[in-house]
Amino acid sequence: MATASVAFKSREDHRKQLELEEARKAGLAPAEVDEDGKEINPHIPQYMSSAPWYLNAERPSLKHQRKWKSDPNYTKSWYDRGAKIFQAEKYRKGACENCGAMTHDAKSCMERPRKKGAKWTNMHIAPDEKIETFELDYDGKRDRWNGYDASTYARVIERYEARDEARRKYLKEQQLKKLEEKNSKNEGEVEGEGEEGEISDEEDDDDALKVDEAKVDESKQMDFAKVEKRVRTTGGGSTGTVRNLRIREDTAKYLLNLDVNSAYYDPKTRSMREDPLPDADPNEKFYEGDNQYRMSGQALEFKQLNIHAWEAFDKGQDIHMQAAPSQAELLYKNYKVIKEKLKSKTKDTIMEKYGNAATEEEIPMELLLGQSERQVEYDRAGRIIKGMETSLPKSKYEEDVFINNHTSVWGSWWKDHQWGYKCCKQTIRNSYCTGAAGIEAAEAATDLMKSNIARKASSEDAPAPAQERKHVTWGSDVPEDLVLDEKLLTEALKKEEERRREEKDERKRKYNVRWNDEVTAEEMEAYRMKRVHHDDPMKDFLN
């Protein structure tokens with residue numbers, strides 16, 4: 001589909017447009033409005049929301065997606081049923097021979113066939129019907145309710161109301177009959193009967209009336225609790241009736257708490273794991289979440305059975321919960337019996353070894369609240385002053401163990417983010433204690449190191465003067481006593497050019513080559529002058 005013609009946007013404008021679209025989709029920005037003032041859904045794809053270029057859409061709109069070609073000849077009106085247009089007084093030529101109407105012939109006449117038609121009697125001429133023709137559109141041709149009069153449904157309502165009124169009248173008559181029978185029985189009874197019997201009879205009769213009324217109400221709503229279901233038959237199709245098991249009076253679980261932050265409801269699985277009303281009275285709640293059913297009753301037993309089957313299978317037993325459930329349940333029962341026996345046996349063994357304090361005789365109060373001659377003094381705050389030393393708590397680790405002649409433990413001294421011994425101020429663990437002499441030696445070494453650092457810093461502050469050097473060629477130093485002969489240097493330059501030419505073309509090299517290892521200062525200077533430096537920016541223009 002062609003896109004709408006829009007002006008060119010820069011990268012920054014395009015980025016802002018994308019951010020605005022994301023904000024509209026997230027609900028942080030108001031939706032876009034079309035020409036008619038209607039909001040445009042931000043989730044509509046661009047290929048649907050963008051108009052074709054030939055419509056020249058200046059503002060955002062969805063008109064190009066609507067039906068803009070409408071035929072004015074189409075109509076949704078319907079026939080005027082039973083309408084008459086003209087009442088003739090005598091028979092006309094070409095009219096119906098039976099009733100005398102001009103709008104149909106005798107073959108399609110809907111009146112009762114007369115013994116003698118209106119053509120011959122010229123009496124009781126029927127009026128002409130109103131004939132209409134409509135040109136319906138696509139929807140009008142397929143509209144099932146086209147021409148339906150909603151006022152005709154009042155007849156259905158009246159029929160059902162009349163049936164309900166008859167049912168109530170019948171129930172009232174039945175109640176009156178039972179009351180009359182009860183009064184007649186009470187008059188014939190003996191006066192010696194107690195009031196309790198009369199009350200019980202009245203309650204029984206009232207309960208019977210209520211039961212009858214409930215039966216009638218149930219039969220009244222019987223049709224509304226049915227679900228018609230097709231039954232597959234060889235003949236092709238009878239229908240069966242299946243009772244709907246859902247009670248419509250129960251509140252749906254997702255309607256118990258309408259707070260958006262309450263328990264989550266999954267519409268696909270129709271499950272709500274958490275309790276929707278955690279603060280409500282548990283005696284009044286009938287639903288506490290799906291987890292309640294998973295963690296109680298037979299569901300928990302079935303879960304433990306599955307876990308036992310998995311663990312037994314991992315340990316090598318041939319057991320499978322789905323393949324042989326009876327075997328798995330039997331093995332689980334035997335496992336529980338054996339576990340209880342082993343538990344009771346272990347308990348008996350412990351009681352035989354250590355005894356059972358619950359079954360022994362009670363210790364006398366004199367021993368429980370025994371007194372001694374020890375005198376303890378306390379201050380006003382309740383602290384012990386004299387008579388009982390407070391015991392320090394003991395740990396499983398060794399304490400106050402001194403090694404290698406140390407008088408303090410490791411970790412009793414801290415300096416420069418390092419632990420050490422307080423007695424000799426050493427930071428090396430398991431070292432031998434040097435005492436006060438070691439402390440003095442360490443301080444002297446520290447002072448010496450500080451003085452050396454200060455002396456080095458002072459020497460670095462005054463840099464040595466740099467010596468200027470003359471360079472003959474690229475990167476080489478010139479000795480002070482160097483003297484070059486101009487003629488020898490010219491010859492050395494020619495030899496260097498010949499050597500480089502031979503390196504490029506080996507065919508110019510002679511067969512007998514004599515090599516001389518002696519290099520003069522002029523030849524070295526010629527080599528340096530002809531050498532190509534890769535860092536030279538003008539190296540490509542030398543040749």
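The values are calculated or read from the model by the stated rules, or taken from the named source; none is laboratory data. Nothing here was measured: the structure is a model prediction, and the numbers come from that model. Backbone-built Cβ (ideal geometry, glycine too); neighbour counts: all protein chains shown. Surface areas here come from the heavy atoms of the whole protein model, side chains and all, with no ligands, DNA or RNA. Shrake-Rupley method; radii C 1.70, N 1.55, O 1.52, S 1.80 Å.
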Residues of region 4-50 being part of a loop (DSSP other than H, G, I, E, B), of a type outside the set (Val, Ile, Thr) and open to solvent by 70 Å² or more (accessible area, probe 1.4 Å), which ones?
5, 7, 8, 9, 28, 30, 35, 36, 38, 41, 43
Please count how many residues of region 518-543 are at pLDDT below 70 and not hydrophobic (A, V, I, L, M, F, W, C).
1
State which residue pairs qualify: first residue over 23 Å from residue 266 (Cβ atoms) and open to solvent by 60 Å² or more (accessible area, probe 1.4 Å) and inside region 280-307, second residue hydroxyl-bearing (Ser, Thr, Tyr) and modelled with pLDDT of 85 or more in any location, beta carbons under 8 Å apart, and separation of 6 or more residues or different chains.
304/332
Do we have any residue at all in region 66-75 that's touching a strand residue (DSSP E or B) at 6+ places or on another chain (Cβ under 7 Å), surrounded by 13 or more Cβ atoms within 10 Å (Cβ to Cβ) and in contact (Cβ under 8 Å) with a residue 24 or more places away in the chain?
no
Condition first: exposed (fewer than 12 other Cβ atoms within 10 Å of the Cβ), among the polar types (S, T, N, Q) and over 25 Å from residue 149 (Cα atoms). Can you find one or more residues in region 84-105 that meet it?
yes
Conditions: (1) under 34 Å from the mean Cα position of the chain (by Cα); (2) at pLDDT below 90; (3) open to solvent by 60 Å² or more (accessible area, probe 1.4 Å). Residue 314 meets all but one. Number of the miss?
(2)
How many residues of region 460-497 are assigned to a helix (DSSP H, G or I), modelled with pLDDT under 85 and either surrounded by 10 or more Cβ atoms within 10 Å (Cβ to Cβ) or within 60 Å of the chain's Cα centre (by Cα) (or both)? The answer is 0
One residue from 307, 319 being in the same structural domain as residue 339 (by the TED database), touching a helix residue (DSSP H, G or I) at 6+ places or on another chain (Cβ under 7 Å) and either at pLDDT 90 or above or of a type in the set (A, V, I, L, M, F, W, C) (or both)
319
